[in-house]
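Derivation of every value follows stated rules applied to the coordinates shown; laboratory data play no part. Predicted model only: the values in this text are computed from it and were never measured. We place every Cβ from the backbone using ideal geometry, glycine too, and count neighbours over all the protein chains shown.
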Amino acid sequence: MARSRIVRNFDAMIEVHELTKRFGDTTAVDGISFRLDPGSVTGFIGPNGAGKSTTMRMMVGLDRPTSGRCLVDGRRYADLAAPMRSVGTLIDAEAAHKGRSARNHLRVLARTHGIPDRRADEVLETVGLTDVANKRIGGFSLGMRQRLGLATALLGDPAVLLLDEPANGLDPDGIIWIRTLLRSLAAEGRTVFVSSHLMGELAQTAHRLIVLGRGRVLADDAVDALTARFGTRVARVRPDRPAELEEILRRHDAAVTRLPDGALEVTGMDSPDIAVLAHRHGILLFENTTVAASLEEAYLALTQDQGRHVAKVSR
């Protein structure tokens, strides 16, 4: 879907410093700090109840922090003169009047910020809703409401985008579309911060990941660096004498799984070292490849002990 040409220069930085939120006796967010720089997509992941949505709500003033702060270019969100022109948000795709059309919903919001009506049609085209622009939002599917929420986030042509589960409800084509869109928005120099449970998509979309668990930052690094540190690389080898090579590898403390086709899956030893051992014992290898660690594996390794919060409810 074609988008209108962007001519602005974007250079907005977000700083989160010692952000904390308590609900009674429960600490939902526990003194987290990070910085978001322009020109990249930062993924925000963690188990349910880790504090992701609460963090994003505090960043845009929907929840008041118990302590700490979030600044957009040195200013609180509440102090921005025209927030939608600085920060575009998708926090709740249901936050739209069901009786309004998509076009009128966007035009009402646009007029609160002095944005021309034509911008509503531009963002509707961007998110693929032009054909239903005059339809009532109450009849929209979840995926259509998500697209409208993204159109709302883009309405002010903001330098910063904060998106909570933007791919929720989208079909496979829609997921590919939003991956491309987020990357292109970052390439324009925008700061893109997106939470998601779709690890495979974040691996292809995000440049960097912040992992949250029990309200604390567990990791903050580039995607490739995290998978290398916490994921498990698996070597797949197919020797002419699998039983013999399996015994040799086990003697060298490698974990080996025999596959039905005679190949071996090996962890704890890299492919070059396996090749050296096989050569030393006169074993021929028909295949010797390494499967890169996945983001899912890295995520599970980081969060395996991070169960979700159980809130205490006052009665």
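Here are a few things to note about the model shown:
- When the alpha carbon coordinates of the chain are projected onto the principal axes, the ranges are 77, 47, 40 Å, largest first.
- Positive-pole candidate from ILE45, LEU181, GLY99, dipole of the chain, charges at beta carbon: GLY99
- Within the chain, antiparallel bridges make up roughly 65 percent of the DSSP beta bridges whose residues both belong there.
- For the range 83-90, the Karplus equation 6.51 cos²θ - 1.76 cosθ + 1.60, evaluated at θ = phi - 60°, returns couplings of x, 5, 7, 9, 10, x, 10, 10 Hz by residue, with Gly and Pro reported as x.
- Residues whose amide H lies under 5 Å from that of ALA12, counting only those 5 or more places away or on a different chain, are THR191; hydrogens are built 1.01 Å from N in the peptide plane.
- Under the Karplus curve 6.51 cos²θ - 1.76 cosθ + 1.60, θ = phi - 60°, whole-Hz ³J(HN,Hα) for the range 265-282, x wherever Gly or Pro sits: 9, 10, 10, x, 8, 7, 4, x, 5, 5, 4, 5, 4, 4, 4, 4, 9, x
- Segments 245-252, 100-107, 207-214 sorted - mean Cβ within 10 Å per residue, highest first: 207-214, 100-107, 245-252
- Linear extension gain, ASN134 paired with ASP173, 0.36 nm per residue minus alpha-carbon span: 11.7 nm
- Length added when fully stretched, ASP221-ARG85, from 0.36 nm per residue minus Cα-Cα: 46.1 nm
- Calculated FRET value between ASP37 and GLU125, using beta carbons and R₀ = 35 Å, to 0.05: 0.75
- Helices in the chain, meaning DSSP H runs of at least 4 residues, each add -39500 (n - 2.57). Divided by all residues, the mean residue ellipticity at 222 nm is -9500 deg cm²/dmol.
- Taken about its Cα centre, the range 1-140 carries a charge dipole of about 520 debye when Lys and Arg each add +1 at the Cβ and Asp and Glu each add -1 at the Cβ.
- Taken over the chain, lysine pairs spaced eight or more positions apart, or on distinct chains, with alpha carbons under 20 Å apart number 4.
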